[in-house]
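Below: one structure, written as structure tokens.
The values are calculated or read from the model by the stated rules, or taken from the named source; none is laboratory data. Bear in mind the structure is a predicted one, so any value in this text is a computation, not a measurement. Ideal geometry is used to build each Cβ from the backbone, glycine not excepted, and the neighbour counts take in all protein chains shown.
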């Protein structure tokens, strides 16, 4: 019998997974799997357990938020096991699942996880550490992981970004602005920026507004956006309008696709990886890893 590891965060999504555990396990068994269940008990528990045990299973399914999936792929990378994965989303934004069309309902997502329909998607490397869909720094980034879950749910999607934009003051820009040299596949961009996003997703923080219309999860290229430091109230207005229209004015931003980037900062910057705190550094090298994650997705009709 095939062996499946089901690892879940019991606190994610107000306990939605815990309430449906029996149904989820039943679906896995009906699909012919011998199921091992593991509840995470602390940060990085998912990563460390998978790193040690992934090779013992033919399939791994993780349930939780984007941070849980981040731990999943890092655990698989450390294990060296080429194991396909399933994902049951139960976080605040669930960007990866939304991008792939994985249902929010945990029981429906469990059926997708063992449906046998897979897609190979890109991931990324940030100074040697893996991320599944987004690395970012700057103003919106810090607001993202420092804002409470309740506020994020209440604001939602584009309104979340507009709330940030409406609170902008010159002092805020001074604190988060960085002079940066960006090398992207050999091209050089220099300037002062308040925000940067390097992504292989179709959504970030529950919104599509910060990504280009031709964003892809499997083209072997990052979709990147760098927002220049606004100098006038007109710049702030243009930024707000850009977030609504998804048409970023080149005078206030740099938008590009790249396989590899190197960023040199004038001083250390805070980063997030997949929405979680990613450390502080003044030098970042990011490499797109084409088709490096094999994940269960809804079957095409």
How many residues, within the stretch 171-204, are out of contact with any helix residue (DSSP H, G or I) (no Cβ under 7 Å at 6 or more places or on another chain), surrounded by 18 or more Cβ atoms within 10 Å (Cβ to Cβ) and outside any strand (DSSP E or B)? 2
Please indicate, with yes or no, whether at least one residue in the stretch 285-300 is without any contact (Cβ under 8 Å) to a residue 60 or more places away in the chain, part of a strand (DSSP E or B) and on the phi < 0 side of the Ramachandran plot. no
Matching entry among 214, 219, 266, 223 (being touching a residue at least 40 places away in the same chain (Cβ under 8 Å) and within 24 Å of residue 130 (Cα to Cα)): 219
Looking at residue 210 and the list (1) modelled with pLDDT of 65 or more; (2) surrounded by fewer than 23 Cβ atoms within 10 Å (Cβ to Cβ); (3) over 30 Å from residue 83 (Cα atoms), which single condition is not satisfied? (2)
If residue 55 satisfies all but one of (1) under 16 Å from the mean Cα position of the chain (by Cα); (2) over 24 Å from residue 274 (Cα atoms), what's the number of the condition it fails? (1)
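Give the residue, chosen from 50, 25, that is part of a helix (DSSP H, G or I) and surrounded by fewer than 18 Cβ atoms within 10 Å (Cβ to Cβ).
Every option except 25 fails the conditions.
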Within the stretch 239-254, which residues are surrounded by fewer than 17 Cβ atoms within 10 Å (Cβ to Cβ) and out of contact with any helix residue (DSSP H, G or I) (no Cβ under 8 Å at 6 or more places or on another chain)? 241, 245, 246, 247, 250
Can you name the residue in the stretch 31-47 that is part of a loop (DSSP other than H, G, I, E, B) and touching a helix residue (DSSP H, G or I) at 6+ places or on another chain (Cβ under 8 Å) and, of all such residues, is surrounded by the fewest Cβ atoms within 10 Å (Cβ to Cβ)? 44
Considering only residues that are over 17 Å from residue 181 (Cα atoms) and either modelled with pLDDT of 95 or more or surrounded by fewer than 15 Cβ atoms within 10 Å (Cβ to Cβ) (or both), which ones fall in the stretch 260-279? 277, 279
So, in the stretch 1-22, exactly how many residues are surrounded by 14 or more Cβ atoms within 10 Å (Cβ to Cβ) and in contact (Cβ under 8 Å) with a residue 40 or more places away in the chain? 11
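Counting only residues that are touching a residue at least 12 places away in the same chain (Cβ under 8 Å) and either under 26 Å from the mean Cα position of the chain (by Cα) or not assigned by TED's automatic domain parsing to the domain that holds residue 75 (or both), which one in the stretch 29-44 is nearest to residue 2 (Cα to Cα)? Don't jump to the end; show me each part of the working.
Start the filter on the stretch 29-44 by keeping residues that are touching a residue at least 12 places away in the same chain (Cβ under 8 Å), which leaves 31-40, 44.
Next cut, either under 26 Å from the mean Cα position of the chain (by Cα) or not assigned by TED's automatic domain parsing to the domain that holds residue 75 (or both) only: 37-40, 44.
Values: 37: 14, 38: 17, 39: 21, 40: 23, 44: 26 Å.
So, considering only residues that are touching a residue at least 12 places away in the same chain (Cβ under 8 Å) and either under 26 Å from the mean Cα position of the chain (by Cα) or not assigned by TED's automatic domain parsing to the domain that holds residue 75 (or both), the one nearest to residue 2 (Cα to Cα) is 37.
Scanning for something modelled with pLDDT of 85 or more, under 30 Å from residue 106 (Cα atoms) and not in a strand (DSSP E or B), does the stretch 229-243 turn up at least one residue?
Initial filter on the stretch 229-243 (modelled with pLDDT of 85 or more): 229-230.
Then keep just the ones that are under 30 Å from residue 106 (Cα atoms); that gives none.
No: zero hits.
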Condition first: under 16 Å from residue 96 (Cβ atoms) and either at pLDDT 95 or above or in a strand (DSSP E or B) (or both). Now tell me which residues in the stretch 127-159 satisfy that. 130, 131, 134, 135, 136
